[in-house]
Amino acid sequence: MMSTLLEMIGCRYPIIQGPIAEMKSPRLTAAVCEAGAFGMLSLGFSNAEETRRLVDGVRELTDKPFGANIMLINPASPEILKILAEAGVKTVTTSTGSPGKIYPLIHDLGMKGLHVLLALSHAMRAASEGADGLIVSGSESGGLRSMGSESSTMVLIPLVADQVKIPVVAAGGAGPGGSGCTDRDAFYSLGRIARTTGLERSHPGLRRRRHDASAPEKHEDARHSQ
Ligand SMILES: Cc1cc2nc3c(=O)[nH]c(=O)nc-3n(C[C@H](O)[C@H](O)[C@H](O)COP(=O)(O)O)c2cc1C
């Protein structure tokens, strides 16, 4: 399974960058690729024009393979996939939706896709609907976790891996039950990373959300110091 996955993503290490919807950074994607992992372009609700600009941005910085995340609730998904295929992207991840309708197109374009999900039943359905691999997110992870993961990473991953015959990639941390991080925690740590690396300068939205995320903690600190 590991060699199938590495063949699919075409990089040295079996590590896939977790796309963060609003963090559309060609610089980060290229840096991940250059480090030997699979850099992902986060596309969120991008349109065709923005997709072209982001893809060109990555290509200027690396000639290594990279992928992109397609949010299936974005109506521009089919158009975006065609642009990615023309640009030579071979593997995408798909999330927030049912894979059934889009996988025939992904395959017609000569691409492979890994579907992101949070429950065993969804995993089995995605496998039967043509997904080439799965990214399974346990309840400890941020982002999609808000939609309610079925179980913790260490329970859900082996359960899914037991039931499907395609590669399964683990997403999300591993922690004691019920102590998953919240989106607020995730944004706060992301913001800190972005600030340290200088990415925040080119992502004012991220700076604003980190600020919002840290606000309740500031209030708490203020209460404690009274
Ligand atoms: C703020 C935020 C936004 C995210 N946006 C996306 C997204 O657009 N598409 C997606 O497939 N996953 C998204 N994710 C999920 C992450 O890519 C990743 O799979 C998940 O956070 C688990 O990894 P982690 O434990 O390293 O956070 C998001 C996560 C966070 C915290």
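The numbers here are math on the coordinates, done by the rules we state, and not lab data. Just so it is clear, the model here is predicted, and its values are computed rather than measured. Cβ placement follows ideal geometry from the backbone for every residue including glycine, while neighbour counts extend to all protein chains displayed.
Summary of computed values
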item	result
Number of the exception - ASP162 against (1) under 14 Å from THR94 (Cα atoms); (2) out of contact with any helix residue (DSSP H, G or I) (no Cβ under 7 Å at 6 or more places or on another chain); (3) among the acidic types (Asp, Glu)	(1)
Test result for ILE20, surrounded by 14 or more Cβ atoms within 10 Å (Cβ to Cβ), under 23 Å from ILE166 (Cβ atoms) and within 16 Å of the ligand (Cβ to nearest atom)	no
Residue list for the range 90-125, restricted to those being over 18 Å from GLN17 (Cα atoms) and within 13 Å of the ligand (Cβ to nearest atom)	GLY97, PRO99
Selection count, the range 59-70, where residues are crowded, with 23+ Cβ neighbours inside 10 Å and out of contact with any Gly (no Cβ under 6 Å at 6 or more places or on another chain)	4
Residue match in the range 57-79 (condition: more than 28 Å from TYR13 (Cβ to Cβ), within 11 Å of the ligand (Cβ to nearest atom) and among the aliphatic types (A, V, I, L, M))	yes
Odd one out for ILE20 among (1) at negative phi; (2) in a loop (DSSP other than H, G, I, E, B); (3) more than 13 Å from the chain's Cα centre (by Cα)	(3)
Test for GLU79: is it within 17 Å of MET111 (Cβ to Cβ), surrounded by fewer than 19 Cβ atoms within 10 Å (Cβ to Cβ) and charged (D, E, K, R)	yes
